[in-house]
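Since the structure comes first, as structure tokens, the remarks are kept for the end.
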Amino acid sequence: MKKEDICEITCVEEGKVRMVKEKVEQENFQDTAQIFKALSDPTRLKIAFAILEAKELCVCDVANVLDSSIATASHHLRLLRNMGLAKYRKEGKMVYYSLDDEHVQQLVTLALVHQKEGKRDGEI
């Protein structure tokens, strides 16, 4: 740890700490962390991006985008669905996936934009 990134004195703003601590205790960080865990896998992030771009893809098209087996694509899609990040609809023998809602779309988009900006600025 570098000396410039730590406090050199102890000066606790008790009111601010108490207010933030109460809010922290009310949130469900475990479930929220699971969302990021699901998207932390590069394959699942690719799938989410592909679905975002296409609006909706069938399982076999996702497999083709990934150059993977249908079983592999299906496994990752099922995990995204179980985490509430994707939804599906069945049409005959075909199963089509889309991102669950605007929030998921924003998470994927913001993460990719942030990563590109960091690369440009030389921070990553």
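The values are calculated or read from the model by the stated rules, or taken from the named source; none is laboratory data. Note that this is a predicted model, so its numbers are computed, not measured. Here the Cβ positions follow ideal geometry from the backbone for every residue, glycine too, while neighbour counts run over all protein chains shown.
Details
- If the condition is being surrounded by 15 or more Cβ atoms within 10 Å (Cβ to Cβ) and either closer than 12 Å to A38 by Cβ or without any contact (Cβ under 8 Å) to a residue 12 or more places away in the chain (or both), then the range 82-98 contributes M83, G84, L85, A86, Y88.
- Count of residues meeting criterion [touching a residue at least 60 places away in the same chain (Cβ under 8 Å) and either of a type in the set (G, A, S) or in contact with a helix residue (DSSP H, G or I) (Cβ under 7 Å, 6 or more places away or on another chain) (or both)] in the range 1-54: 4
- Filter result for L45 (farther than 20 Å from L110 by Cβ, under 14 Å from the mean Cα position of the chain (by Cα) and either exposed (fewer than 14 other Cβ atoms within 10 Å of the Cβ) or modelled with pLDDT of 95 or more (or both)): no
Yes/no per residue for (1) basic (K, R); (2) closer than 27 Å to L77 by Cα; (3) touching a Phe, Trp or Tyr at 6+ places or on another chain (Cβ under 8 Å):
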{"site": "D5", "(1), (2), (3)": "no, no, no"}
{"site": "V20", "(1), (2), (3)": "no, no, no"}
{"site": "N28", "(1), (2), (3)": "no, yes, no"}
{"site": "A38", "(1), (2), (3)": "no, yes, no"}
{"site": "A50", "(1), (2), (3)": "no, yes, no"}
{"site": "V59", "(1), (2), (3)": "no, yes, yes"}
{"site": "A63", "(1), (2), (3)": "no, yes, no"}
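- Test: residue in the range 66-75 that is modelled with pLDDT of 95 or more, hydroxyl-bearing (S, T, Y) and either part of a helix (DSSP H, G or I) or touching a strand residue (DSSP E or B) at 6+ places or on another chain (Cβ under 9 Å) (or both): yes
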